[in-house]
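Where a number appears in this text, it was derived from the coordinates with a stated rule and is not lab data. Owing to the predicted nature of the structure, the values given are computational and were not obtained by experimental measurement. Positions of Cβ are generated from backbone atoms using ideal geometry, with glycine treated the same way; all protein chains shown enter the neighbour counts.
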Amino acid sequence: MKRILTVTACAAIIGWAGSATALSITNGSFETGNFSGWSITEQWGGSAKVVTVAEAFKGNTYTATDGRYMADLTATSFVQQNQTWSAGESLSFDWAFLGMDARVPIVNWFNDTALFEIVGANNVPVYSVVLADILSTGNYNDTGWQTFTYTFTTDGSGSIRFGVQNKTSFFQDSVLLVDNVRSAAPVPEPTTMLLFGTGLLSLAAVGRRRAASKA
């Protein structure tokens, strides 16, 4: 009976640990040297490529944050990957915006923009955030490497998408660098933690009874 209780408690804990469905990111650091696992969209002269080094307008040099390679998206271009996720799961990635243009005030021309999006049915974004643009970064400036984390609030499927848009000017194309796209550890819900704690208490109780029976 004691063995049965122990196995049951262990199974509950193992089941909890394995119940969180991790996002399955393919080639998240682009270490294949190409966009294997990703789909590419290139518009208006934009390009998507995998590189080992990139140089900003003012001379700052960028290398990958994880491994040797990184994605280099030149306006206007996007890369995306199909995914299925669960509520509470998190996605993290490293990014840098290299502004190669100067924004024209009032009319907001040349305000190149870097985006991250969650795309649903019919390729329509259900979530979109501006990572950086010329307005926030400054003319011809770059951001340095940053990390962004997004936590899914509902179960679902679709795709994750990164891209940079060229606004009006097609002669000076800003760049979005992306690397180390990964599944981040989800935060357990209170009810899950309660079940986990109950499993630990069950193990502790069995251990105490065993110790008492041997005394």
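Per-residue answers, yes or no, for (1) touching a strand residue (DSSP E or B) at 6+ places or on another chain (Cβ under 6 Å); (2) in contact (Cβ under 8 Å) with a residue 24 or more places away in the chain; (3) outside any strand (DSSP E or B):
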site	(1), (2), (3)
26	no, yes, yes
48	yes, yes, no
57	no, yes, yes
66	yes, yes, yes
71	yes, yes, no
84	yes, yes, no
92	yes, yes, no
95	yes, yes, no
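Residues in region 109-155 that are of a type in the set (A, V, I, L, M, F, W, C), assigned to a loop (DSSP other than H, G, I, E, B) and surrounded by fewer than 20 Cβ atoms within 10 Å (Cβ to Cβ): how many? Please lay out each step first, then the result.
Looking only at region 109-155, we keep the residues that are of a type in the set (A, V, I, L, M, F, W, C), and these are 109-110, 114-116, 118-119, 121, 124, 126, 129-132, 134-135, 145, 148, 152.
Remaining after also requiring assigned to a loop (DSSP other than H, G, I, E, B): 110, 124, 145, 152.
From what's left, surrounded by fewer than 20 Cβ atoms within 10 Å (Cβ to Cβ): 124, 145, 152.
Summing the residues that are of a type in the set (A, V, I, L, M, F, W, C), assigned to a loop (DSSP other than H, G, I, E, B) and surrounded by fewer than 20 Cβ atoms within 10 Å (Cβ to Cβ) in region 109-155 gives 3.
Filtered by the rule that a residue be among the small types (Gly, Ala, Ser), surrounded by fewer than 16 Cβ atoms within 10 Å (Cβ to Cβ) and more than 19 Å from the chain's Cα centre (by Cα), region 34-57 gives 45, 47.
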